[in-house]
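Q: Here it is, the structure, as structure tokens.
The values are calculated or read from the model by the stated rules, or taken from the named source; none is laboratory data. Predicted model only: the values in this text are computed from it and were never measured. Note: ideal-geometry Cβ built from the backbone for every residue, glycine included; neighbour counts use all protein chains shown. Keep in mind that these areas ignore ligands, DNA and RNA; they rest on the heavy atoms of the full protein, side chains included. Shrake-Rupley method; radii C 1.70, N 1.55, O 1.52, S 1.80 Å.
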Amino acid sequence: MKPPRFDYLAPRSLDEALGILAEHGDEAKVLAGGQSLVPLLNFRLVRPTYLVDLNEIAGLDGIRVENGRLAIGAMTRQRAVETSALVREHCPLLTEAMPQIGHVQIRNRGTIGGSLAHADPASELPAVVAVLDGELVLQSARGRRVLKAKQFFLGYLTTAAAPDELLVEARVPTMPPRTGSAFVEFSRRHGDFAIVGIAATVTVDEAGVCTGCAIALTGVGGTPVVAREAAGALVGVTPTADAFEDVGRRVSDAIEPEGDLHASSDYRKHLAGVLTRRALARAAERAVEEPRR
Ligand SMILES: Cc1cc2nc3c(=O)[nH]c(=O)nc-3n(C[C@H](O)[C@H](O)[C@H](O)COP(=O)(O)OP(=O)(O)OC[C@H]3O[C@@H](n4cnc5c(N)ncnc54)[C@H](O)[C@@H]3O)c2cc1C
């Protein structure tokens, strides 16, 4: 298929892009890595009047650590995050999640901002930002605002970003001491979107008792699903196989995923329990092994 006709605009600055969106936001789509948008155009599932290419704008990419947070510019390529030493040091969960996104060719072009703005509930990045209680920075000609993940992801392919707003940055807290993390998923073929994925963090004290746990799931709802109550069951106990089993059961009981062509609802619930167990075991092991800073 060929895309429908559109006017192609390539602003050279953020201000220019925001000006275009202020005028034409409702009829425009912004182009980042194109890995999701171009197929949507070619299938004519979206028909923008204007395509606003962000690739000529300097300064929308980059990775830095500031005030205890890892900040990643929206146009940072997924592959750059995957190979960043800074990300590996401060947010190893991201480093582990990245190679599970499609194939390397896709990650060479695909951006952090594109994946988060696309808001596919099967995607890895929204779950990582959600489990870490991260923030999304939105900018328009009207100004800037910062949303928590739970305020940003509203539903299937739907975010709180207004038509005139650009996602300019994602921020996650740097990893606290004695914290381990894991991203575990199951897909039928390498490179496919996962049927279910789990992002988990476990923090332990000096005695090895769990003082914090967070779990987010992909593929079981319209947004990344944070299993707050189930994760809370690990806090105050020594992480053991029995404890992971218990939390896995709680996660499985707490979700009501829809069945589809790829997996029934029951199968997704089962997978969520099994993968939670595995992710927690791996995260807890890392928390003990790597008492950071
Ligand atoms: C074969 C294949 C397999 C894939 N497998 C996976 C997978 O396993 N996991 C996964 O997560 N993804 C997967 N993807 C999708 C891929 O990760 C995309 O890179 C990502 O979803 C979109 O990023 P992008 O930069 O290409 O954005 P684009 O495709 O350019 O844009 C996507 C959407 O976001 C909007 N947008 C982009 N940037 C911004 C911004 N800064 N502010 C506001 N809106 C913006 C666009 O207007 C568009 O609506 C796969 C893609 C392919 C083709």
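Q: Could you run through segment 64-74 and say how many residues are open to solvent by 20 Å² or more (accessible area, probe 1.4 Å) and in contact with a strand residue (DSSP E or B) (Cβ under 7 Å, 6 or more places away or on another chain)?
A: Here is the first cut: in segment 64-74, the ones open to solvent by 20 Å² or more (accessible area, probe 1.4 Å) are 64-69.
Okay, now just the ones that are also in contact with a strand residue (DSSP E or B) (Cβ under 7 Å, 6 or more places away or on another chain), so 64, 68-69.
So the answer is 3.
Q: Is segment 235-242 home to any residue that is touching a Ser or Thr at 6+ places or on another chain (Cβ under 7 Å) and closer than 23 Å to Val129 by Cα?
A: Within segment 235-242, the subset touching a Ser or Thr at 6+ places or on another chain (Cβ under 7 Å) is 235.
Then drop every residue that is not closer than 23 Å to Val129 by Cα, which leaves 235.
Checking segment 235-242: at least one residue is touching a Ser or Thr at 6+ places or on another chain (Cβ under 7 Å) and closer than 23 Å to Val129 by Cα.
Q: Between residues in segment 146-162 that are among the small types (Gly, Ala, Ser) and outside any helix (DSSP H, G or I) and residues that are away from the ligand (no atom under 13 Å from the Cβ) and open to solvent by 60 Å² or more (accessible area, probe 1.4 Å), which pairs lie under 8 Å by C-beta distance while being six or more apart or on different chains?
A: Ala160/Gln151; Ala160/Leu154
Q: Another question, if that's okay. Every residue in segment 3-57 that is among the aliphatic types (A, V, I, L, M), within 9 Å of the ligand (Cβ to nearest atom) and assigned to a loop (DSSP other than H, G, I, E, B), please.
A: Passing the criteria: Ala32, Val46, Leu54.
Q: Name the residue, out of Val172, Val131, Val202, that is in contact with a Cys (Cβ under 7 Å, 6 or more places away or on another chain) and either crowded, with 24+ Cβ neighbours inside 10 Å or among the small types (Gly, Ala, Ser) (or both).
A: Working: Val172 fails: either crowded, with 24+ Cβ neighbours inside 10 Å or among the small types (Gly, Ala, Ser) (or both); Val131 fails: in contact with a Cys (Cβ under 7 Å, 6 or more places away or on another chain).
Unique residue meeting the criteria: Val202.
Q: Continuing with this model, one more query. Give segment 111-144 a look and list any residue that's more than 6 Å from the ligand (Cβ to nearest atom) and hydroxyl-bearing (Ser, Thr, Tyr), or say none.
A: Ser140
Q: May I pose another question? Quickly run through segment 1-35 and pick out the residues that are of a type in the set (D, E, K, R) and surrounded by 14 or more Cβ atoms within 10 Å (Cβ to Cβ). Spell out how you get there, then give the answer.
A: As a first pass, look at segment 1-35 and keep what is of a type in the set (D, E, K, R): 2, 5, 7, 12, 15-16, 23, 26-27, 29.
Those that are of a type in the set (D, E, K, R) and surrounded by 14 or more Cβ atoms within 10 Å (Cβ to Cβ): Glu16, Lys29.
Q: Starting from residues that are open to solvent by 50 Å² or more (accessible area, probe 1.4 Å) and part of a helix (DSSP H, G or I), keep the ones in segment 79-98 and report whichever is farthest from Val65 (Cα to Cα).
A: Residues of segment 79-98 open to solvent by 50 Å² or more (accessible area, probe 1.4 Å): 79, 83, 85-86, 88-89.
Narrowing the set further to residues that are part of a helix (DSSP H, G or I) leaves 79, 85-86, 88-89.
Details: Arg79: 18, Ala85: 12, Leu86: 8, Arg88: 12, Glu89: 10 Å.
So, considering only residues that are open to solvent by 50 Å² or more (accessible area, probe 1.4 Å) and part of a helix (DSSP H, G or I), the one farthest from Val65 (Cα to Cα) is Arg79.
Q: Looking for something touching a residue at least 60 places away in the same chain (Cβ under 8 Å), assigned to a loop (DSSP other than H, G, I, E, B) and open to solvent by 60 Å² or more (accessible area, probe 1.4 Å) - is there at least one such residue anywhere in segment 229-236? Give the steps one after another, and end with the answer.
A: Start the filter on segment 229-236 by keeping residues that are touching a residue at least 60 places away in the same chain (Cβ under 8 Å), which leaves none.
Checking segment 229-236: not a single residue is touching a residue at least 60 places away in the same chain (Cβ under 8 Å), assigned to a loop (DSSP other than H, G, I, E, B) and open to solvent by 60 Å² or more (accessible area, probe 1.4 Å).
Q: Taking the stated definitions as given, is Asn42 among the polar types (S, T, N, Q), surrounded by fewer than 23 Cβ atoms within 10 Å (Cβ to Cβ) and over 21 Å from Pro163 (Cα atoms)?
A: On the way: among the polar types (S, T, N, Q): yes; surrounded by fewer than 23 Cβ atoms within 10 Å (Cβ to Cβ): yes; over 21 Å from Pro163 (Cα atoms): yes.
Here the answer is yes, as Asn42 does meet what is asked.
Q: For Ile106, indicate whether it is in a helix (DSSP H, G or I) and farther than 23 Å from Ala216 by Cβ.
A: Working: in a helix (DSSP H, G or I): yes; farther than 23 Å from Ala216 by Cβ: no.
No: the conditions fail for Ile106.
Q: Of everything in segment 179-199, what is in a loop (DSSP other than H, G, I, E, B) and surrounded by fewer than 22 Cβ atoms within 10 Å (Cβ to Cβ)? Give them in sequence order. Quick ask: steps written out before the conclusion?
A: Within segment 179-199, the first condition is being in a loop (DSSP other than H, G, I, E, B), and the residues that meet it are 187-195.
Selection gives Ser187, Arg188, Arg189, His190, Gly191, Asp192, Phe193.
Q: Which members of segment 132-152 meet the condition of being in contact with a helix residue (DSSP H, G or I) (Cβ under 6 Å, 6 or more places away or on another chain) and under 30 Å from Thr203 (Cα atoms)?
A: Selection gives Gly134, Leu136, Ala149.
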